[in-house]
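The values are calculated or read from the model by the stated rules, or taken from the named source; none is laboratory data. Given the structure is predicted, the values throughout are model-derived calculations rather than measurements. Cβ placement follows ideal geometry from the backbone for every residue including glycine, while neighbour counts extend to all protein chains displayed. All accessible areas refer to the heavy atoms of the entire protein, side chains included, with ligands and DNA or RNA removed. Shrake-Rupley method; radii C 1.70, N 1.55, O 1.52, S 1.80 Å.
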Amino acid sequence: MARVVMSNVSPAMSSSSPPSPTSSSLSPALSAPSPTALPVRTIPGSYGWPLLGPISDRLDYFWFQGPETFFRKRIEKYKSTVFRANVPPSFPFFMNVNPNVVVVLDCESFSHLFDMEIVEKSNVLVGDFMPSVKYTGNIRVCAYLDTSEPQHAQVKNFALDILKRSSKVWVSEVISNLDTMWDTIESNLAKDGKASVFLPLQKFLFNFLSKSIVGADPAASPEVAESGYAMVDRWLAVQLLPTINIGMLQPLEEIFLHSWAYPFALVSGGYNKLYQFIEKEGREAVERAKAEFGLTHQEAIHNLLFILGFNAFGGFSIFLPTLLSTILSDTTGLQDRLRKEVREKGGPTLGFDSVKEMELVKSVVYETLRLNPPVPLQYARARKDFQLKSHDSVFDVKKGELLCGYQKLVMRDPKVFDEPDSFKSDRFIQNGELLNYLYWSNGPQTGSPTESNKQCAAKDYVTLTACLFIAYMFRRYDSVSGSSSSITAVEKAR
(Lines give C-alpha, C1' and ligand atoms only; values in the text may rest on other atoms or scores of the structure.)
Protein backbone atom coordinates (compact mmCIF):
# COMPACT_ATOMS: atom_id res chain seq x y z
CA MET A 1 0.00 0.00 0.00
CA ALA A 2 1.46 3.37 -0.99
CA ARG A 3 2.42 5.77 1.76
CA VAL A 4 1.09 9.32 1.51
CA VAL A 5 1.54 12.56 3.41
CA MET A 6 -0.68 15.61 3.50
CA SER A 7 0.59 18.78 1.83
CA ASN A 8 -0.92 22.15 1.00
CA VAL A 9 0.75 22.09 -2.42
CA SER A 10 -1.03 20.81 -5.49
CA PRO A 11 1.12 18.88 -7.97
CA ALA A 12 -1.14 20.02 -10.77
CA MET A 13 -1.02 23.70 -9.87
CA SER A 14 -0.82 25.83 -13.01
CA SER A 15 2.00 28.21 -13.87
CA SER A 16 -0.36 31.15 -13.34
CA SER A 17 -0.65 30.24 -9.66
CA PRO A 18 2.73 28.97 -8.41
CA PRO A 19 2.90 26.72 -5.35
CA SER A 20 4.02 28.44 -2.20
CA PRO A 21 7.59 27.78 -1.03
CA THR A 22 8.26 25.38 1.80
CA SER A 23 9.45 28.01 4.28
CA SER A 24 6.63 30.44 4.98
CA SER A 25 9.02 32.68 6.89
CA LEU A 26 10.87 33.36 3.67
CA SER A 27 8.05 33.71 1.20
CA PRO A 28 4.32 34.15 1.68
CA ALA A 29 1.88 31.62 0.31
CA LEU A 30 0.29 32.76 -2.92
CA SER A 31 -2.82 30.67 -2.55
CA ALA A 32 -4.41 28.22 -0.16
CA PRO A 33 -5.31 25.08 -2.12
CA SER A 34 -7.06 22.16 -0.52
CA PRO A 35 -4.76 19.59 1.13
CA THR A 36 -3.52 17.03 -1.37
CA ALA A 37 -2.02 13.62 -0.73
CA LEU A 38 1.50 13.22 -2.09
CA PRO A 39 3.10 9.78 -2.43
CA VAL A 40 6.31 9.06 -0.54
CA ARG A 41 8.93 7.83 -3.02
CA THR A 42 12.41 6.46 -2.65
CA ILE A 43 14.85 9.00 -4.06
CA PRO A 44 15.66 7.67 -7.55
CA GLY A 45 19.17 7.44 -9.01
CA SER A 46 22.38 6.06 -7.62
CA TYR A 47 26.01 6.99 -7.04
CA GLY A 48 27.31 4.00 -8.99
CA TRP A 49 30.32 1.89 -8.10
CA PRO A 50 32.90 3.52 -5.80
CA LEU A 51 35.41 5.56 -7.85
CA LEU A 52 33.82 4.57 -11.17
CA GLY A 53 30.47 6.25 -10.52
CA PRO A 54 31.96 9.61 -9.52
CA ILE A 55 34.38 9.55 -12.47
CA SER A 56 31.58 8.75 -14.91
CA ASP A 57 29.40 11.58 -13.60
CA ARG A 58 32.35 13.96 -13.54
CA LEU A 59 33.11 13.32 -17.21
CA ASP A 60 29.44 13.77 -18.12
CA TYR A 61 29.22 16.97 -16.09
CA PHE A 62 32.36 18.65 -17.41
CA TRP A 63 32.98 17.02 -20.78
CA PHE A 64 30.38 14.86 -22.52
CA GLN A 65 27.22 16.72 -21.52
CA GLY A 66 27.93 19.94 -19.64
CA PRO A 67 26.14 20.93 -16.41
CA GLU A 68 22.72 21.83 -17.81
CA THR A 69 22.37 18.75 -20.02
CA PHE A 70 23.77 16.61 -17.19
CA PHE A 71 20.84 17.58 -14.97
CA ARG A 72 18.18 17.64 -17.70
CA LYS A 73 18.99 14.12 -18.86
CA ARG A 74 18.69 12.76 -15.35
CA ILE A 75 15.33 14.47 -14.85
CA GLU A 76 14.16 12.65 -17.98
CA LYS A 77 15.75 9.36 -16.96
CA TYR A 78 14.30 9.25 -13.44
CA LYS A 79 11.03 11.08 -14.22
CA SER A 80 11.76 13.17 -11.17
CA THR A 81 13.23 16.57 -10.27
CA VAL A 82 14.73 14.96 -7.15
CA PHE A 83 17.37 12.27 -7.59
CA ARG A 84 20.79 11.04 -6.51
CA ALA A 85 23.93 11.84 -8.50
CA ASN A 86 27.59 12.74 -8.14
CA VAL A 87 28.60 16.37 -8.61
CA PRO A 88 32.33 17.14 -9.08
CA PRO A 89 35.02 17.59 -7.97
CA SER A 90 35.88 13.96 -7.28
CA PHE A 91 38.58 11.29 -7.68
CA PRO A 92 41.55 11.02 -8.22
CA PHE A 93 43.07 13.77 -6.06
CA PHE A 94 40.03 14.80 -4.01
CA MET A 95 40.08 11.82 -1.69
CA ASN A 96 38.43 13.73 1.18
CA VAL A 97 35.60 15.06 -0.98
CA ASN A 98 32.34 13.12 -1.18
CA PRO A 99 30.59 13.97 -4.49
CA ASN A 100 27.34 12.18 -3.51
CA VAL A 101 24.40 14.61 -3.51
CA VAL A 102 20.62 14.66 -3.54
CA VAL A 103 19.79 16.90 -6.48
CA VAL A 104 16.72 19.20 -6.19
CA LEU A 105 15.59 20.87 -9.42
CA ASP A 106 12.14 22.36 -8.90
CA CYS A 107 11.06 25.42 -6.93
CA GLU A 108 9.27 23.43 -4.24
CA SER A 109 12.10 21.03 -3.39
CA PHE A 110 14.79 23.70 -3.83
CA SER A 111 13.17 25.98 -1.25
CA HIS A 112 14.18 23.50 1.49
CA LEU A 113 17.74 24.79 1.07
CA PHE A 114 16.70 28.02 2.82
CA ASP A 115 15.04 26.45 5.85
CA MET A 116 17.75 26.68 8.48
CA GLU A 117 15.78 24.49 10.88
CA ILE A 118 16.30 21.45 8.66
CA VAL A 119 19.54 22.23 6.81
CA GLU A 120 22.93 23.64 7.72
CA LYS A 121 25.56 25.32 5.56
CA SER A 122 28.88 24.78 7.26
CA ASN A 123 31.66 24.55 4.65
CA VAL A 124 29.32 23.78 1.73
CA LEU A 125 29.55 27.00 -0.29
CA VAL A 126 30.69 25.05 -3.37
CA GLY A 127 29.69 21.57 -2.25
CA ASP A 128 31.57 19.05 -0.16
CA PHE A 129 34.76 20.48 -1.66
CA MET A 130 36.07 23.49 0.23
CA PRO A 131 39.02 25.53 -1.03
CA SER A 132 41.90 25.69 1.42
CA VAL A 133 41.42 28.23 4.20
CA LYS A 134 44.83 29.57 3.17
CA TYR A 135 42.89 31.49 0.51
CA THR A 136 41.21 33.42 3.31
CA GLY A 137 44.06 33.85 5.79
CA ASN A 138 43.45 30.51 7.57
CA ILE A 139 40.05 31.84 8.61
CA ARG A 140 36.62 30.44 7.78
CA VAL A 141 34.92 33.54 6.48
CA CYS A 142 31.17 34.13 6.75
CA ALA A 143 30.26 32.24 3.57
CA TYR A 144 31.52 29.00 5.12
CA LEU A 145 29.83 29.48 8.51
CA ASP A 146 26.50 27.96 9.48
CA THR A 147 23.90 30.17 11.14
CA SER A 148 24.27 28.12 14.34
CA GLU A 149 27.87 29.29 14.76
CA PRO A 150 28.09 32.44 16.95
CA GLN A 151 30.56 34.15 14.64
CA HIS A 152 28.09 34.00 11.75
CA ALA A 153 25.88 36.60 13.41
CA GLN A 154 28.88 38.83 14.10
CA VAL A 155 30.12 38.83 10.51
CA LYS A 156 26.66 38.94 8.87
CA ASN A 157 25.68 41.93 10.99
CA PHE A 158 28.98 43.59 10.11
CA ALA A 159 28.24 43.04 6.41
CA LEU A 160 24.74 44.48 6.78
CA ASP A 161 26.17 47.48 8.62
CA ILE A 162 28.74 48.06 5.88
CA LEU A 163 25.99 48.13 3.28
CA LYS A 164 23.82 50.48 5.33
CA ARG A 165 26.72 52.91 5.68
CA SER A 166 27.72 52.53 2.03
CA SER A 167 24.31 53.78 0.90
CA LYS A 168 25.61 57.33 1.36
CA VAL A 169 28.16 56.93 -1.44
CA TRP A 170 27.09 53.83 -3.39
CA VAL A 171 25.03 55.56 -6.09
CA SER A 172 27.48 58.43 -6.61
CA GLU A 173 30.38 55.97 -6.95
CA VAL A 174 28.42 53.86 -9.44
CA ILE A 175 27.58 56.90 -11.59
CA SER A 176 31.08 58.40 -11.39
CA ASN A 177 32.76 55.14 -12.36
CA LEU A 178 30.22 54.45 -15.10
CA ASP A 179 31.22 57.82 -16.56
CA THR A 180 34.82 56.64 -16.68
CA MET A 181 33.92 53.22 -18.04
CA TRP A 182 31.84 54.51 -20.95
CA ASP A 183 34.30 57.34 -21.69
CA THR A 184 36.98 54.66 -22.07
CA ILE A 185 34.77 52.51 -24.29
CA GLU A 186 33.91 55.49 -26.49
CA SER A 187 37.58 56.43 -26.82
CA ASN A 188 38.59 52.91 -27.80
CA LEU A 189 35.66 52.67 -30.17
CA ALA A 190 36.73 55.86 -31.93
CA LYS A 191 40.30 54.56 -32.32
CA ASP A 192 39.68 50.94 -33.26
CA GLY A 193 36.07 50.72 -34.44
CA LYS A 194 35.41 48.20 -31.66
CA ALA A 195 35.90 48.36 -27.90
CA SER A 196 36.41 45.56 -25.40
CA VAL A 197 34.03 45.66 -22.44
CA PHE A 198 36.09 43.46 -20.12
CA LEU A 199 38.81 45.78 -18.83
CA PRO A 200 36.69 48.95 -18.43
CA LEU A 201 33.98 46.92 -16.69
CA GLN A 202 36.44 45.21 -14.33
CA LYS A 203 38.00 48.53 -13.35
CA PHE A 204 34.55 50.08 -12.89
CA LEU A 205 33.54 47.28 -10.53
CA PHE A 206 36.75 47.18 -8.52
CA ASN A 207 36.88 50.93 -8.03
CA PHE A 208 33.29 51.57 -7.04
CA LEU A 209 33.06 48.48 -4.82
CA SER A 210 36.34 49.25 -3.02
CA LYS A 211 35.14 52.75 -2.22
CA SER A 212 31.57 51.79 -1.34
CA ILE A 213 32.13 48.60 0.66
CA VAL A 214 35.57 49.07 2.20
CA GLY A 215 35.83 52.84 2.11
CA ALA A 216 39.21 52.39 0.41
CA ASP A 217 40.24 54.38 -2.67
CA PRO A 218 42.38 52.28 -5.06
CA ALA A 219 44.04 55.51 -6.21
CA ALA A 220 45.90 55.57 -2.88
CA SER A 221 47.91 52.53 -4.07
CA PRO A 222 49.18 52.80 -7.66
CA GLU A 223 49.70 49.03 -7.95
CA VAL A 224 46.22 48.22 -6.68
CA ALA A 225 44.70 50.95 -8.86
CA GLU A 226 46.38 49.45 -11.91
CA SER A 227 45.89 45.75 -11.32
CA GLY A 228 43.80 45.18 -8.19
CA TYR A 229 40.99 43.75 -10.29
CA ALA A 230 43.40 41.24 -11.85
CA MET A 231 44.64 40.18 -8.41
CA VAL A 232 41.05 39.41 -7.42
CA ASP A 233 40.38 37.56 -10.69
CA ARG A 234 43.37 35.27 -10.19
CA TRP A 235 42.52 34.64 -6.54
CA LEU A 236 38.95 33.68 -7.48
CA ALA A 237 39.93 31.51 -10.44
CA VAL A 238 42.63 29.43 -8.79
CA GLN A 239 40.55 28.40 -5.78
CA LEU A 240 37.43 27.58 -7.82
CA LEU A 241 38.97 25.87 -10.88
CA PRO A 242 38.08 22.32 -9.74
CA THR A 243 34.37 23.23 -9.74
CA ILE A 244 34.06 25.30 -12.93
CA ASN A 245 33.24 24.19 -16.45
CA ILE A 246 35.68 26.27 -18.54
CA GLY A 247 34.82 24.78 -21.92
CA MET A 248 38.40 24.65 -23.17
CA LEU A 249 39.96 21.86 -25.23
CA GLN A 250 39.25 18.48 -23.68
CA PRO A 251 40.79 16.34 -22.27
CA LEU A 252 43.22 19.09 -21.18
CA GLU A 253 40.59 20.72 -18.98
CA GLU A 254 39.93 17.47 -17.13
CA ILE A 255 43.61 16.64 -16.72
CA PHE A 256 44.90 20.02 -15.63
CA LEU A 257 41.95 21.91 -14.13
CA HIS A 258 39.59 19.38 -12.56
CA SER A 259 41.95 16.77 -11.15
CA TRP A 260 43.41 18.55 -8.12
CA ALA A 261 43.18 21.70 -6.04
CA TYR A 262 45.70 24.40 -6.82
CA PRO A 263 47.88 25.83 -4.02
CA PHE A 264 47.32 29.29 -2.56
CA ALA A 265 51.00 30.03 -3.19
CA LEU A 266 50.12 30.76 -6.83
CA VAL A 267 48.18 33.88 -5.84
CA SER A 268 49.52 34.67 -2.37
CA GLY A 269 51.48 37.70 -3.54
CA GLY A 270 48.44 39.47 -4.98
CA TYR A 271 46.22 38.49 -2.07
CA ASN A 272 48.69 39.86 0.47
CA LYS A 273 48.83 43.16 -1.41
CA LEU A 274 45.05 43.40 -1.32
CA TYR A 275 45.12 42.55 2.40
CA GLN A 276 47.58 45.37 3.04
CA PHE A 277 45.52 47.75 0.93
CA ILE A 278 42.38 47.07 2.98
CA GLU A 279 44.30 47.16 6.25
CA LYS A 280 45.63 50.64 5.46
CA GLU A 281 42.97 52.32 3.33
CA GLY A 282 39.96 50.60 4.90
CA ARG A 283 41.09 50.99 8.48
CA GLU A 284 37.89 52.76 9.54
CA ALA A 285 35.79 49.73 8.56
CA VAL A 286 38.34 47.37 10.14
CA GLU A 287 38.30 49.25 13.44
CA ARG A 288 34.49 49.31 13.47
CA ALA A 289 34.41 45.53 12.94
CA LYS A 290 36.63 45.10 15.97
CA ALA A 291 34.93 47.63 18.23
CA GLU A 292 31.27 47.05 17.38
CA PHE A 293 31.12 43.45 16.16
CA GLY A 294 33.82 41.69 18.15
CA LEU A 295 35.97 40.55 15.22
CA THR A 296 39.73 40.29 15.43
CA HIS A 297 41.92 42.44 13.21
CA GLN A 298 42.59 39.53 10.84
CA GLU A 299 38.98 38.34 10.79
CA ALA A 300 37.80 41.82 9.85
CA ILE A 301 40.22 42.19 6.94
CA HIS A 302 39.81 38.70 5.50
CA ASN A 303 36.01 38.94 5.67
CA LEU A 304 36.09 42.38 4.07
CA LEU A 305 38.30 41.05 1.31
CA PHE A 306 36.00 38.08 0.74
CA ILE A 307 32.92 40.30 0.61
CA LEU A 308 34.64 42.68 -1.79
CA GLY A 309 36.33 40.10 -4.01
CA PHE A 310 34.22 36.96 -3.95
CA ASN A 311 30.68 38.11 -3.17
CA ALA A 312 30.56 41.52 -4.83
CA PHE A 313 33.24 41.75 -7.53
CA GLY A 314 32.95 38.09 -8.51
CA GLY A 315 29.16 38.17 -8.69
CA PHE A 316 28.91 41.40 -10.65
CA SER A 317 31.69 40.27 -13.04
CA ILE A 318 29.46 37.37 -14.09
CA PHE A 319 26.08 39.07 -13.94
CA LEU A 320 26.61 42.44 -15.64
CA PRO A 321 28.11 41.00 -18.87
CA THR A 322 25.15 38.60 -19.01
CA LEU A 323 22.73 41.49 -18.52
CA LEU A 324 24.49 43.50 -21.22
CA SER A 325 24.42 40.55 -23.62
CA THR A 326 20.71 40.00 -22.95
CA ILE A 327 19.87 43.58 -23.88
CA LEU A 328 22.21 43.92 -26.85
CA SER A 329 21.19 40.59 -28.42
CA ASP A 330 17.47 41.38 -28.29
CA THR A 331 15.66 41.82 -31.60
CA THR A 332 12.19 42.68 -30.30
CA GLY A 333 12.68 46.41 -29.67
CA LEU A 334 13.66 46.07 -26.01
CA GLN A 335 16.22 48.89 -26.24
CA ASP A 336 13.54 51.30 -27.47
CA ARG A 337 11.23 50.38 -24.62
CA LEU A 338 13.98 50.67 -22.02
CA ARG A 339 15.12 54.01 -23.39
CA LYS A 340 11.57 55.37 -23.27
CA GLU A 341 11.04 54.25 -19.68
CA VAL A 342 14.33 55.48 -18.21
CA ARG A 343 13.79 58.92 -19.73
CA GLU A 344 10.16 59.25 -18.72
CA LYS A 345 10.46 57.95 -15.17
CA GLY A 346 12.69 58.54 -12.18
CA GLY A 347 13.17 62.29 -12.39
CA PRO A 348 16.30 64.14 -13.54
CA THR A 349 18.78 62.43 -11.19
CA LEU A 350 19.43 58.71 -11.12
CA GLY A 351 19.38 56.92 -7.79
CA PHE A 352 17.93 53.87 -6.08
CA ASP A 353 14.58 55.61 -5.54
CA SER A 354 14.37 56.67 -9.18
CA VAL A 355 15.07 53.21 -10.65
CA LYS A 356 12.46 51.70 -8.34
CA GLU A 357 9.91 53.51 -10.52
CA MET A 358 11.18 51.75 -13.67
CA GLU A 359 9.10 48.57 -13.84
CA LEU A 360 10.47 47.30 -17.16
CA VAL A 361 14.08 47.88 -16.12
CA LYS A 362 13.50 45.92 -12.91
CA SER A 363 11.73 43.12 -14.75
CA VAL A 364 14.61 42.78 -17.24
CA VAL A 365 17.06 42.52 -14.34
CA TYR A 366 14.93 39.89 -12.59
CA GLU A 367 14.39 37.88 -15.77
CA THR A 368 18.13 37.86 -16.49
CA LEU A 369 18.81 36.64 -12.94
CA ARG A 370 16.15 33.95 -13.37
CA LEU A 371 17.63 32.54 -16.56
CA ASN A 372 21.30 33.05 -15.71
CA PRO A 373 21.95 33.34 -11.97
CA PRO A 374 25.57 34.35 -11.18
CA VAL A 375 25.92 31.38 -8.81
CA PRO A 376 24.60 28.30 -10.65
CA LEU A 377 24.72 25.82 -7.76
CA GLN A 378 23.45 26.05 -4.19
CA TYR A 379 24.17 23.47 -1.48
CA ALA A 380 22.92 22.62 1.99
CA ARG A 381 23.40 19.64 4.30
CA ALA A 382 20.51 17.99 6.15
CA ARG A 383 20.66 19.05 9.79
CA LYS A 384 18.34 16.19 10.70
CA ASP A 385 16.15 13.56 9.05
CA PHE A 386 13.26 15.24 7.25
CA GLN A 387 10.76 14.80 4.44
CA LEU A 388 11.49 16.81 1.31
CA LYS A 389 8.57 17.74 -0.96
CA SER A 390 8.67 18.26 -4.69
CA HIS A 391 5.57 19.24 -6.66
CA ASP A 392 4.37 15.66 -6.93
CA SER A 393 6.17 13.52 -4.35
CA VAL A 394 7.74 13.37 -0.90
CA PHE A 395 11.20 11.93 -0.23
CA ASP A 396 12.94 10.88 2.97
CA VAL A 397 16.25 12.69 3.45
CA LYS A 398 18.69 11.52 6.11
CA LYS A 399 20.75 13.70 8.41
CA GLY A 400 24.11 14.53 6.84
CA GLU A 401 23.01 14.11 3.21
CA LEU A 402 24.12 16.95 0.93
CA LEU A 403 21.44 18.67 -1.15
CA CYS A 404 22.38 20.35 -4.44
CA GLY A 405 20.26 22.63 -6.59
CA TYR A 406 21.17 23.81 -10.09
CA GLN A 407 19.46 27.19 -10.15
CA LYS A 408 19.34 27.59 -13.94
CA LEU A 409 16.85 24.71 -14.03
CA VAL A 410 15.15 25.40 -10.71
CA MET A 411 14.09 28.85 -11.91
CA ARG A 412 12.83 27.35 -15.17
CA ASP A 413 10.30 25.24 -13.30
CA PRO A 414 7.37 24.82 -15.74
CA LYS A 415 4.92 24.48 -12.85
CA VAL A 416 5.81 28.01 -11.75
CA PHE A 417 7.03 29.90 -14.83
CA ASP A 418 5.11 30.10 -18.10
CA GLU A 419 7.37 29.41 -21.11
CA PRO A 420 10.23 28.85 -18.64
CA ASP A 421 13.07 28.73 -21.18
CA SER A 422 12.05 31.97 -22.90
CA PHE A 423 13.26 35.45 -21.99
CA LYS A 424 10.16 37.55 -21.32
CA SER A 425 11.17 41.10 -20.50
CA ASP A 426 7.87 41.97 -18.79
CA ARG A 427 7.40 38.65 -16.95
CA PHE A 428 7.67 40.24 -13.49
CA ILE A 429 5.45 43.16 -14.46
CA GLN A 430 2.68 40.77 -15.41
CA ASN A 431 3.07 38.67 -12.26
CA GLY A 432 4.99 40.19 -9.37
CA GLU A 433 4.25 37.15 -7.20
CA LEU A 434 6.89 35.26 -9.20
CA LEU A 435 9.50 37.15 -7.17
CA ASN A 436 8.78 34.56 -4.47
CA TYR A 437 10.56 32.06 -6.74
CA LEU A 438 13.48 34.21 -7.84
CA TYR A 439 16.12 32.39 -5.79
CA TRP A 440 19.45 33.72 -7.11
CA SER A 441 20.45 35.27 -3.75
CA ASN A 442 20.30 32.10 -1.62
CA GLY A 443 16.70 32.93 -0.81
CA PRO A 444 13.64 34.39 -2.54
CA GLN A 445 13.71 37.94 -3.88
CA THR A 446 10.91 38.73 -1.44
CA GLY A 447 13.04 37.59 1.52
CA SER A 448 15.24 39.68 3.78
CA PRO A 449 18.86 38.89 4.69
CA THR A 450 19.38 38.55 8.44
CA GLU A 451 21.87 37.01 10.85
CA SER A 452 19.60 33.94 11.06
CA ASN A 453 19.75 33.05 7.35
CA LYS A 454 22.31 32.76 4.56
CA GLN A 455 20.67 35.10 2.08
CA CYS A 456 23.02 37.50 0.29
CA ALA A 457 23.39 40.61 2.45
CA ALA A 458 23.56 42.81 -0.68
CA LYS A 459 20.58 41.21 -2.44
CA ASP A 460 18.78 44.51 -3.01
CA TYR A 461 21.97 46.44 -3.79
CA VAL A 462 22.73 43.99 -6.60
CA THR A 463 19.38 44.39 -8.34
CA LEU A 464 19.23 48.15 -7.87
CA THR A 465 22.80 48.58 -9.10
CA ALA A 466 21.95 46.53 -12.20
CA CYS A 467 18.94 48.81 -12.73
CA LEU A 468 21.22 51.84 -12.42
CA PHE A 469 23.56 50.25 -14.99
CA ILE A 470 20.70 49.98 -17.50
CA ALA A 471 19.18 53.39 -16.73
CA TYR A 472 22.54 55.13 -17.06
CA MET A 473 23.22 53.45 -20.40
CA PHE A 474 19.93 54.53 -21.95
CA ARG A 475 20.06 58.05 -20.63
CA ARG A 476 23.52 58.37 -22.18
CA TYR A 477 22.78 56.53 -25.44
CA ASP A 478 19.84 56.09 -27.79
CA SER A 479 21.20 52.69 -28.80
CA VAL A 480 24.17 50.41 -28.16
CA SER A 481 25.39 47.62 -30.44
CA GLY A 482 27.70 44.74 -29.58
CA SER A 483 27.85 41.84 -27.16
CA SER A 484 28.91 41.05 -23.61
CA SER A 485 32.56 41.18 -24.68
CA SER A 486 32.72 44.16 -27.05
CA ILE A 487 30.87 47.27 -28.13
CA THR A 488 30.75 47.94 -31.88
CA ALA A 489 28.64 51.13 -32.00
CA VAL A 490 26.90 53.66 -29.78
CA GLU A 491 24.42 56.36 -30.71
CA LYS A 492 24.52 59.19 -28.21
CA ALA A 493 21.30 60.50 -26.76
CA ARG A 494 19.78 63.33 -28.76
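Observations on the model:
- Solvent-accessible heavy-atom area per residue, rounded to whole Å², over the chain at 1.4 Å: 41 Å²
- Unsatisfied cross-links (Cα-Cα over 27 Å) in the set 164/384; 194/459; 203/492; 73/362; 79/454: 164/384; 194/459; 73/362; 79/454
- With 0.36 nm allotted per residue and the present C-alpha distance subtracted, the residue 75-residue 489 stretch has 144.8 nm of extension available.
- With only the Cα atoms considered, segment 35-172 has a convex hull volume of 202 Å³ per residue.
- Overall form of segment 177-229 per C-alpha gyration tensor (a/c, 1.5; a/b vs b/c): prolate
- Volume of the convex hull of the chain (Cα atoms only), normalised per residue: 150 Å³.
- Modelled spin-label separation between residue 266 and residue 219, with each label point placed 7 Å from Cα along the Cα-to-Cβ direction: 3.5 nm.
- Electrostatic bookkeeping for residue 268 treats Lys and Arg as +1 and Asp and Glu as -1; over the other residues with beta carbon under 11 Å from its beta carbon, the sum is +3.
- Placing dummy labels 7 Å off each Cα toward the beta-carbon, the span from residue 478 to residue 329 is 2.7 nm.
- Paramagnetic label zone (point 7 Å from Cα along Cα-to-C-beta, residue 160; backbone N under 15 Å) in segment 447-469: 447-461
- Net charge of Cβ neighbours under 10 Å - reference residue 107; Lys, Arg +1; Asp, Glu -1: -1
- Whole-Å distance, taken between Cα centres, linking segment 353-409 and segment 244-295: 26 Å
- Accessible surface of the chain [probe 1.4 Å, protein heavy atoms]: carbon and sulfur percent: 54 percent
- Nearest-10 value in Å² for the accessible area of residue 350, using the 1.4 Å probe: 30 Å²
- Cα gyration tensor, segment 201-340 - rounded (a/c under 1.5), prolate or oblate: oblate
- Efficiency of FRET from Cβ geometry, residue 419 and residue 49, R₀ 30 Å, rounded to 0.05: 0.15
- Summed over all non-identical Cα pairs, the Kirkwood treatment of segment 376-488 gives a radius of 17.2 Å.
- Assigned charges on the beta-carbon of Lys, Arg, Asp, Glu; segment 369-464 dipole about Cα centre (debye): 360 debye
- Residues listed by number, segment 103-135, amide nitrogen under 11 Å from residue 318 label point at 7 Å toward C-beta: 126
- Each principal axis of segment 326-398 carries a Cα extent, and these read 56, 29, 22 Å when sorted largest first.
- Computed over the chain: relative contact order in percent, which uses C-alpha pairs under 8 Å that are six or more apart: 23 percent
- The alpha-carbon atoms of segment 92-227, seen along their principal axes, cover 55, 37, 35 angstrom, with the largest extent given first.
- Surrounding net charge for residue 230, when Lys and Arg each add one and Asp and Glu each subtract one, Cβ distance under 12 Å: 0
- Residues 326, 488, ordered by accessible area of protein heavy atoms at a 1.4 angstrom probe radius and largest first, appear as 488, 326.
- Mean separation of Cα pairs under 8 Å and 6 or more residues apart, divided by the residue count, gives segment 345-494 a relative contact order of 22 percent.
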